[in-house]
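Below you'll find the structure, written out as C-alpha cells, and then a few comments.
Read-outs throughout are calculated quantities, based only on the coordinates presented, and are distinct from any laboratory measurement. Treat the numbers as computed from the prediction; the structure is a model and nothing was measured. Neighbour counts are summed over all protein chains in view; Cβ atoms, including those assigned to glycine, are modelled from backbone coordinates with ideal geometry.
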Amino acid sequence: MKSVSEAAGDDVPATSHPIPLTNVFREDVVGHTFTAEQALSGAPDAYEGRFKVPAILDEG
C-alpha cells in the first residue's frame, strides 16, 4: 500500500476503477410475447400449463 501511495501524486484523483464505467444496457421494450398455449405447443411434454421435464433431484 505504501508503494502505491508513493507512486500516486497529489494531482492524481482517487478512483475506485481505472476505466470510466458507463451503462451499456438497452432500455427494456416489451415486444412480441407468446401465450402459454403457444409456448407449450412445441414441447414434448406438458403438465398443468407448464413444461414437464425429467426430475434431476432425488425427492426421497
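Could you compute the FRET efficiency for Asp45 and Asn23, with r as their C-beta to C-beta distance and R0 at 35 Å, rounded to 0.05?
E(calc), rounded to 0.05, equals 0.30.
Show me the ranking of peptides 43-50, 20-27, 31-38 by mean Cβ neighbours inside 10 Å, starting with the highest.
Peptide ranking by packing, descending: 43-50, 31-38, 20-27.
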